[in-house]
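Colleague: Before we start, here is the structure in question, set down as structure tokens.
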Amino acid sequence: MTIQLPDLPYRKDALAPHVSASTLEFHHDKHHAAYVNNTNKFIAGTELADKSLEEIIAAAAKAPDKKALFNNAAQVWNHTFLWNSMAPNGGGKARGAVAERIEQDFKGTGAFAEAFAAAAVGQFGSGWAWLVLDGGKLKIETTANADTPLVHGKTPLFTCDVWEHAYYLDYQNRRPDYVKVFLDKLVNWDFVNANLQRAR
């Protein structure tokens, strides 16, 4: 099967002013599209050509000679997950079942937001900050470059992209400001709750 570039789940200007249409145009139409195109080139004519994206990522993660394929395929998945992790009029205090779990596992939403922001801002270089379900408990983790919790036996609930191309047009070098806006204005708690429900 050919890996496809998914449409954004909202208009390119829907997250403005927090994430501009220009950022989404470059991020989705250029960066994400390049990862899709590269993945398709790498799998063409191979035993992975008819596999799902998740199967491709799992296979590539185990093969040192498929590092370039892993980097591109994982970035396809991570970015698709990112678009759904954000929503217009999102962010703020967690809602639904995940709010109860955050209270339980982080001792409050304020403590959770502080810990998530510290992890996202503190990720050295390019990477991702994640809320994951691991062994029945919510945890905050970061991954470098294209790495993803999928290959570490954990269930992603939402992610914040801290590669510079995710925020530099809007925030320049002010990653802390971007992460704060992400938490306050963008997190799609409905998506988080749906992922938590599926993981049960």
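Throughout, read-outs are computed from the coordinates displayed, never taken from laboratory work. If you're wondering where the values come from, they're calculated on a predicted model, not measured in any experiment. Glycine gets a Cβ as well: all are built from the backbone with ideal geometry, and neighbour counts include every protein chain shown.
Colleague: Of the residues Val151, Val179, only one is closer than 25 Å to Ala58 by Cα and either acidic (Asp, Glu) or touching a residue at least 40 places away in the same chain (Cβ under 8 Å) (or both); which?
Modeller: Val151 is the lone residue from the list that is closer than 25 Å to Ala58 by Cα and either acidic (Asp, Glu) or touching a residue at least 40 places away in the same chain (Cβ under 8 Å) (or both).
Colleague: Moving on to the next point. Do the conditions hold for Ile43, that is, is it among the hydrophobic types (A, V, I, L, M, F, W, C), farther than 22 Å from Phe158 by Cβ and surrounded by 15 or more Cβ atoms within 10 Å (Cβ to Cβ)?
Modeller: When the stated conditions are applied, Ile43 passes them.
Colleague: Are any residues in the range 90-125 in contact with a helix residue (DSSP H, G or I) (Cβ under 7 Å, 6 or more places away or on another chain) and among the polar types (S, T, N, Q), and if so, which ones?
Modeller: Scanning the range 90-125 gives a single hit, Thr109.
Colleague: Considering only the range 185-200, state which residues are part of a helix (DSSP H, G or I) and either small (Gly, Ala, Ser) or closer than 16 Å to Ala166 by Cβ (or both). Give the steps one after another, and end with the answer.
Modeller: Of the range 185-200, the ones part of a helix (DSSP H, G or I) are 185-186, 189-199.
Result: Lys185, Leu186, Ala194, Ala199.
Yes/no per residue for (1) more than 16 Å from Ala99 (Cα to Cα); (2) of a type outside the set (Asp, Glu):
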site: Ala129; (1), (2): yes, yes
site: Gly136; (1), (2): no, yes
site: Glu141; (1), (2): yes, no
site: Trp163; (1), (2): yes, yes
site: Asp170; (1), (2): yes, no
site: Leu183; (1), (2): no, yes
